[in-house]
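Coordinate-derived values only; no laboratory data. Just so it is clear, the model here is predicted, and its values are computed rather than measured. Backbone-built Cβ (ideal geometry, glycine too); neighbour counts: all protein chains shown.
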Amino acid sequence: MTLLRRILIALALALVGFAPPVRAADSWDDIVHAAQGKKVYWNAWAGDASVNAYIAWAADEVRRRFGIELIHVKLGDTAEAVSRVLAETAAGRKSGGSVDLIWINGENFAALKQRGLLYGPFVDKLPNYRLVDVETKLTNTLDATVPTEGYEVPWGTAQFVMMADEARVAMPPDSIKGLLAYAQSHPGRLTYPQPPDFLGTTFLKQALLELNPDAAAIVQQPLEEDRFAATTAPLWAYLDALHPHLWRSGKSFPQSGPAARQLLADGETDIAFSFNPAEASAAIAQGLLPKTVRTVAFAGGSIGNSHFLAIPANASEPGAAMVVANFLISPEAQAKKQDPSVWGDFSVLALDRLESADRQLFASLPLGAATLPPDRLGRAFPEPHPSWTVRLEQEWQRHYAR
Amino acid sequence: MATALRPLSRISRGWRPRVLEHLATLLLWLVFATPVAIGVLGTVLPAFGILPELGGSSLSLQPWRQLFNVPGLPEAVLLSLTTGLGTTAISFLIVIAFSAHWHGTRWFGRLRRLLSPLLSVPHVAIAIGFAFLIAPSGWIYRVLAALGLAAGLPPDLSTVQDRHGLALILGLILKEVPFLLLMMLVALGQVRVGESLTIARALGHSRSAAWQAIVLPQLYPQLRLPIYAVLAYSASVVDVALILGPTTPPSLAVLVWRGFHDPDLNQIFWASAGACLQLLIALFAILLWRLGELVASASGRRRIVAGWPGRPSRIAASAAFAGAALVVAAAMAGLAATLLWSFTKSWTIGSAMPEALTLATWMQQLPVALKALTATAVIGISSAMAALLLTIALLEEERRESLKARQRHYWLLYAPLLLPQIGFLFGIETLLVRSDLDGTWSGLVWTHFLFVLPYVYLSLSEPWRALDPRYERTARCLGRGPLAVLVTLKLPLLVRPILVALALGFAVSVGQYLPTLFAGAGRFQTLTTEAVALAAGGDRRVVGVYTALQMFLPALGFALALGLTRRRFQRSEAGV
Amino acid sequence: MSSGLVLDAATLGLPGRPPLFRELSLRTGPGEIVTLIGRSGSGKSSLLAYLTGTLDPIFIASGQIRVDGRDVSQLPPERRRIGILFQDDLLFPHLTVGENLAYALPASVSGRRQRRERIAAALAEGQLTGFEDRDPSTLSGGQRARVAVLRALLAEPKALLLDEPFARLDQALRSQFRTFVFEHARAQALPMLMVSHDPADAVAAEGPVVELAPFADAAAASSTAAPRSFNR
């Protein structure tokens, strides 16, 4: 299309008004029908091959069932999509944006919600939403202390755990202090992903909560700068003691969870971190980790959260995006996701609300040699307020990224 | 009794107005030089606070203050400088030493032929392969372990992503040595080396001494611009730095790139300042190199006057050969490793080869990779074709105009190669967003075109000008107009250089990383962007597939270019 | 006389420098051959380029060129109807012999059969019957030189320039080829301007000999020294 035609069309659209957003009066069937033949650009972190493979499967299903072309826009960091939505809105593109669906949580969600850049509230329109467990799993409606208020639909739940190679580690540590002891006796065999990678940041949060029990209540509130130094002092002291014994003496860090997992597979480290208790099984099944790797939970509990799907306010195809989201929280999609040979990410559905056939889908999932069942994972701590997360990352950069 | 010369009156061009005679140069300004300048401006202005879309409307030094507060900035700047100068100096040294000691021998030809294919492999593929080769748990270690020379677990050595950027420098050298060698051979074709060398040797100097004293000074002026391009590139590369470079802190270009993509849009201001800083660093590196040139030429002159004392050293010759051979070996080994990984089922630490091979990864990934493959191919062919058309128009125009036109074109085309990509890509992105072209095929192809054009022009200009001008004169005097002569005579005779230039442009496009990210608005994945995203992803088998495709695609282009024209080339070679 | 090739007060030079040679005026009648001699660097080849209209734009030149009374000074090369032969045959390597000749044949000769007959006739003139489909690289030097001449003549030029066309040929071939060229050109009543170093060429041309005197030297000579003889 020539530039001139584009300009004319843009002008015409501006005068006539773009396609109106989905009105509350539209029934779900209308939305599904209108979504036929549409393209949905799903911006999702692509750093893990299993995740990418699952998303590719979802794209096939969505094309088969609804005629929607789901395009996985691969991100190195969810922040890229956030910045794109911000940039487009700032440039005046209030509709027809290039992002339709985002895999999101935490500070990225907060950033968009605060600025009113999210479409919705839409979760109540999704027929499958009634199957989601919002009673026992508080994180499904509270995203790092920020209420979702229907602007994002939970997609999976996670809890911070460790993966250790039992062939090399006889007695894996199960606490933050235990990790320090391990590093001191086995120098160069432990590391964590570099913040602001979400896994690395979570390690910082976990350490903070374990080292300073008082911090738990404080970090649920928005950040108060004058309390920051005192609250986090034990954390920095711990890291100062830990880093010299880390892999590469703490002068270099793997850039992501999968990169750290690769180090575990290559035998350069003995322990890696994960948000997915089934990741070890999934990785073993795909030949990415040695068979002797096991999941290890933190004895005192660890940070747990949910991750979500949200739709930007300026999305080109919010209706089709909702259809995709609804499929992704359907029992079939959630069961497939929880299968450790595919991805292993835990579902957000309340099993007692499912039909017996769907419940069977979950019951028949293999647990995987390395997975810990949910009851063995320890208590789930809630995520801190996003402002604390951002501040922790900044402070880490100041201390260690020079 | 001379009368004053009257100037040659313009030969009538019929109906065509004056401006059309310079159409090619006009186009060059319009679609190439001006946008690049706008791109630089679009990056410099936000550095001083001007970016209307984000509310920045007044000049301010705040971005610079923020920049200097970024943790790790001094180390990042130093890293940029050392990487740029280190890569260029070592690559240059290897190329010169190798040529000085071995030029004209059979081994020179053999190593050169091994180095040439490396030119078409994208930087990213070579970096990924090299990273696997030298990692503590990499191939070298695995071979040593299999041979029993290394036991236990991999050592805690910082061989990849080390603090000082050595791995980064080495990885860059693997690509820059073939590039500089090619540029040197092109320059050699224009300087009468054979006779000068013979004379110098007849005067009693060794081959290497003669080469350094006589050939190099004549070659150097034509090597200058490629060397500056290598300097600017290696000081500011992002994709290779992500794979091989340090992480705490990363190089300046990586810091800046992250700043551009931060969700907090206000970071764009200091990121722009950082991009300006990167431009200044590249300039500074070039100035330092220039200083080095002056010192080297002064000391060289003194040596010549002193009769060039010193005997040729066998050690130096062997070291030079070893340097070049190592480059070839390391690059090829790395690429072989990634290819091997793509067929691996499992490969444990202790064995030199994978224990089990499988086609499963290929079967799994090909449908997924097909999209990226198609996008890469389409963008590559389109941008290369566009570059080719403009190049032919420019070359034809040069024929009609004088030498000044040729020089003008050369500088206009080469200047962007001296600019770090990150120094003006943000401005290009802003230009695209304002024209509503970001995230479109045309916007992306055009952005790639900006980087492909100089190489296509450089590749085609020499063969074009080397064509005996009397062919064209004869054809014109036989009654054929300029367009007819172009189509029926020049294009057929130059088919091979044209296809090679096209293949080169295609290869350059395949290897681009930042342009796709900035101009594509995330809608386009190419083989290179995928490979970088997957490189740290923990599954080397998948990365292997993408790297293999990255290698395969440009190689296919060259194979087609050379293969399709072989018969004709043999024919016209005999006739010319 | 209005026919033939006329050069009126031509001179060439680089800007900011004195001209290469003194103003040159000459006239060549139909079938006549003017031989142009001069030292290396005196501008002979440039003069020929000026005549064909393919002079490097860096030069400045003045003067008038008339072919059969028509002023061609402002015309592009393909409209001047001035043919040129170089030292090298310059047969287009990607075309067969026949295609090379067809390239020269004016489009006004239409119809495939007519064109083929003209080409065959030309080849017969050069004792090269049946060579239409040959690759030029398979011909001997002498054969290629003849094809080059036939090609130039097929274009039906109104004048022919020769830039040392016999220099590459060995002695035995030279006079034979020279005769060939002169005969055929005279048969078409073409005025010819030939640049040559070989006195034998000048003798065989049986025409005026013009010396291109460098500008600096000419200061010592008189203005009439430029053309040694001038045919009316």
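Counting, for every residue in C:73-81, the Cβ atoms of other protein chains within 10 Å of its Cβ and taking the mean gives 6. In this structure, the pairs whose alpha-carbon distance is over 28 Å, taken from A:K205/A:K336; A:K251/A:K336; A:K39/A:K113; B:K404/B:K490; A:K113/A:K205; A:K74/A:K336, are A:K205/A:K336; A:K251/A:K336.
Across the options B:G39, B:V124, B:L231, the greatest Cα extent toward the positive end of the charge dipole of chain B (unit charges at beta carbon of Lys, Arg, Asp, Glu) belongs to B:L231. Angle check, please: helix C:171-187 long axis (alpha carbons) against the longest principal axis of chain C (alpha carbons), in degrees 0 to 90, nearest 10. With rounding to tens, the tilt is 90 degrees.
Picking from C:N100, C:S110, C:S140, whose Cα lies most toward the positive end of the charge dipole for segment C:92-155 (charges on Cβ: Lys, Arg +1; Asp, Glu -1)? The one lying farthest along the dipole's positive direction is C:S110. Helix by helix through chain B, keep the DSSP H runs that span 27 Å or more along the axis on Cα and average at least -1.0 on Kyte-Doolittle, and give those back in order. Result, helices passing both filters: B:73-102, B:166-190, B:216-236, B:267-305, B:314-342, B:360-400, B:441-466, B:540-564. Extension gain, B:L562 to B:A298, is 90.7 nm, computed as 0.36 nm per intervening residue step minus the present C-alpha separation. 222 nm [θ] for chain C, helices only, -39500 (n - 2.57) per DSSP H run of 4+, per residue, to 500? After summing the helix terms and dividing by residue count, I get -9500 deg cm²/dmol. With contacts taken as Cα pairs under 8 Å and at least 6 residues apart, segment C:92-155 reaches a relative contact order of 50 percent.
Relative to the longest principal axis of the Cα atoms of chain A, helix A:49-66 runs at roughly 20 degrees. Mean per-residue shielding of peptide A:287-295 is 2, counting Cβ atoms of other chains within 10 Å of each Cβ.
The Kirkwood hydrodynamic radius of segment A:256-295, based on inverse pair distances between different Cα atoms, is 9.9 Å.
For the peptide B:64-72, the mean number of other protein chain Cβ atoms found within 10 angstrom of a residue's Cβ is 2. Distance from the Cα centroid of segment C:86-148 to that of segment A:239-309 is 78 Å (rounded to whole angstrom). Computed over segment C:92-155, the P(r) tail beyond 13 angstrom holds 56 percent of alpha carbon pairs. From its DSSP helices (H runs of at least four residues, each -39,500 (n - 2.57)), chain A gives a residue-normalised ellipticity at 222 nm of -12500 deg cm²/dmol. Which percent of Cα-Cα pairs in segment A:27-181 sits in each 10 Å bin, short to long? Reading upward from the zero bin: 9, 29, 35, 16, 8, 2, 0. Candidate cross-link partners of C:K44 among the aspartates and glutamates, defined by an alpha-carbon separation under 18 Å and a same-chain spacing of 8 or more, comprise C:D8, C:E23, C:D56, C:D88, C:D163, C:E164, C:D198, C:D201, C:E211, C:D217. Enclosing the Cα atoms of segment B:341-481 in their convex hull gives a volume equal to 232 cubic angstrom per residue. Using only the Cα atoms of chain B, each taken as one equal point scatterer with no solvent, compute I(q) by the Debye sum, divide by I(0), and report log10 of the ratio at q = 0.08 Å⁻¹. Listed by q, the Debye log ratios stand at -0.61. Write down Rg/Rh for chain A, rounded to two decimals, with Rg from the C-alpha atoms and Rh from the Kirkwood relation over Cα pairs. We get a ratio of 0.99 for chain A. Size of segment B:259-364: Rg and Dmax of its alpha carbons, in Å, are 25.2, 67. Rounded to the nearest 10 degrees, the angle from helix A:198-211 to the longest Cα principal axis of chain A is 50 degrees.
In chain A, excluding the sites themselves, the longest stretch lacking any of the GluC sites (Glu not before Pro) that are in a DSSP loop with at most 12 other Cβ atoms within 10 Å is A:1-134.
Considering every alpha-carbon pair of chain C, the percent of pairs per 5 Å bin, from zero through the bin containing the longest distance, is 1, 6, 14, 18, 19, 16, 12, 8, 4, 2, 1, 0, 0. Over the protein assembly as shown, the alpha carbon radius of gyration divided by the compact-protein estimate 2.2 N^0.38 Å works out to 1.14.
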